[in-house]
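Single-structure report; data block below.
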Amino acid sequence: MRADSLFILTGAGISAESGLGTFRDRGGIWSRFDPMRLATPEAFAAEPVLVHEFYNLRRRNAREARPNPAHAALARLEAGLSQAGGRLFLCTQNVDDLHERAGSRAVVHMHGELAKARCLSCEAVHPWEDDLSVDTPCPACGRSGGMRPDVVWFGEMPHHLDAIDAALAAADRFVAIGTSGAVYPAAGYVAQARQRGIPTLALNLEAADNAGLFEATRLGPASVTVPAFVAALLDGR
Ligand code: APR
Ligand code: ZN
């Protein structure tokens, strides 16, 4: 296999078969909860108890979930590519840690992580497994009332954008897995890849909003399409 430099973008669909909800499918999270009341800095300032409850529930669900064969296949791909002198840049929109728990060693969380909390008073970021509340003191500065989930809310700047753009500029191939292509800047990465003339592939359950921009799309559950994709790359199958 050539020593490829692969850019893979994942979304909520890769964690769907691990039991974690997606956002825009039928019955998705945003059809049951109002993102403007739960996933913006203004919402947190206005109703911190409600926002903490929402993210505490999602943090508990993520902790109880297990990686599925799609996460495991990407961990295998990362190791296989690196042995062949290639590179996998794994950029996820997901805030769960299922990629890491499946064995992926380099995961770029552009929308932050449920397993981290940030203090608004001193900006310290801490690994965080338990519930957060308005009474949680910051382990660094001791102040409470300002601890928030270290996730990116609507209206906030996603993380690691420079590293993402650099990886996209160096990639030989772009693959999007389990994302609806509804939220920018992630939804625009396939267009950047097309402008560079590199192959683009979508692995999704249904056609994404930006499906027309992909050279190829393979429809099906990620637990089937991703292991097949990785086997074809690594084992030539
Ligand atoms: N296998 C593969 N794809 C799946 C599966 C599955 N088992 N189940 C669902 N999908 C696909 C859906 O067809 C859909 O295209 O995953 C996609 C999920 O889309 P969204 O729910 O919009 O999730 P995502 O694209 O990750 O949302 C992006 O929006 O609200 C923000 O911050 C949030 O990171 C999130 C961002
Ligand atoms: Zn602090």
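The values are calculated or read from the model by the stated rules, or taken from the named source; none is laboratory data. Since this is a predicted model, take the numbers as computed values, not measurements. As a convention, Cβ positions derive from the backbone with ideal geometry for all residues, glycine included, and neighbour counts pool all protein chains shown.
Side notes on the structure shown:
- So ALA115, is it modelled with pLDDT of 95 or more and in contact with a Pro (Cβ under 7 Å, 6 or more places away or on another chain): yes
- Given (1) modelled with pLDDT of 95 or more; (2) of a type outside the set (Ser, Thr, Tyr); (3) within 15 Å of the chain's Cα centre (by Cα), number of the condition GLY21 does not satisfy: (1)
- Conditions (1) touching a Ser or Thr at 6+ places or on another chain (Cβ under 6 Å); (2) outside the structural domain of VAL183 (by TED's automatic domain parsing): number failed by THR10: (2)
- Within the range 78-101, tally of residues that are away from ligand 1 (no atom under 16 Å from the Cβ) and outside any strand (DSSP E or B): 11
- Residue-level analysis places VAL151 outside the set of residues that are of a type outside the set (Ser, Thr, Tyr) and within 16 Å of ligand 2 (Cβ to nearest atom).
- Looking across the range 102-127, the residues that are closer than 30 Å to LEU168 by Cα, part of a loop (DSSP other than H, G, I, E, B) and either in contact (Cβ under 8 Å) with a residue 12 or more places away in the chain or outside the structural domain of GLU42 (by TED's automatic domain parsing) (or both) come down to ALA102, GLY103, SER104, ARG105, ALA106, MET110, HIS111, ALA124.
- Residues of the range 143-158 classified as assigned to a loop (DSSP other than H, G, I, E, B) and either over 22 Å from ALA124 (Cβ atoms) or away from ligand 1 (no atom under 12 Å from the Cβ) (or both), total: 6
- Within this structure, ASN61 passes the test of being part of a helix (DSSP H, G or I), free of Cβ contacts under 8 Å to residues at least 60 places away in the same chain and either surrounded by fewer than 20 Cβ atoms within 10 Å (Cβ to Cβ) or in contact with a strand residue (DSSP E or B) (Cβ under 9 Å, 6 or more places away or on another chain) (or both).
- Within the set ALA140, ALA163, ALA75, the sole residue that is without any contact (Cβ under 8 Å) to a residue 24 or more places away in the chain and either assigned by TED's automatic domain parsing to the domain that holds ALA216 or outside any helix (DSSP H, G or I) (or both) turns out to be ALA140.
- Each residue in the range 127-151 was checked for being loosely packed, with under 14 Cβ neighbours inside 10 Å and under 23 Å from ASN94 (Cβ atoms), and 4 of them qualify.
- Flag if ALA176 is part of a strand (DSSP E or B), more than 16 Å from ligand 2 (Cβ to nearest atom), in the same structural domain as ALA106 (by TED's automatic domain parsing) and closer than 30 Å to PRO227 by Cβ: yes
- The condition of being more than 9 Å from ligand 1 (Cβ to nearest atom) and either within 23 Å of VAL107 (Cα to Cα) or of a type in the set (D, E, K, R) (or both) does not hold for GLU17.
- Residue check: SER104 meets all listed conditions (1) closer than 29 Å to ALA222 by Cα; (2) of a type in the set (Gly, Ala, Ser); (3) surrounded by fewer than 16 Cβ atoms within 10 Å (Cβ to Cβ) but one, namely (3).
- Of residues in the range 15-47 being assigned to a loop (DSSP other than H, G, I, E, B) and polar (S, T, N, Q), the one surrounded by the fewest Cβ atoms within 10 Å (Cβ to Cβ): THR40
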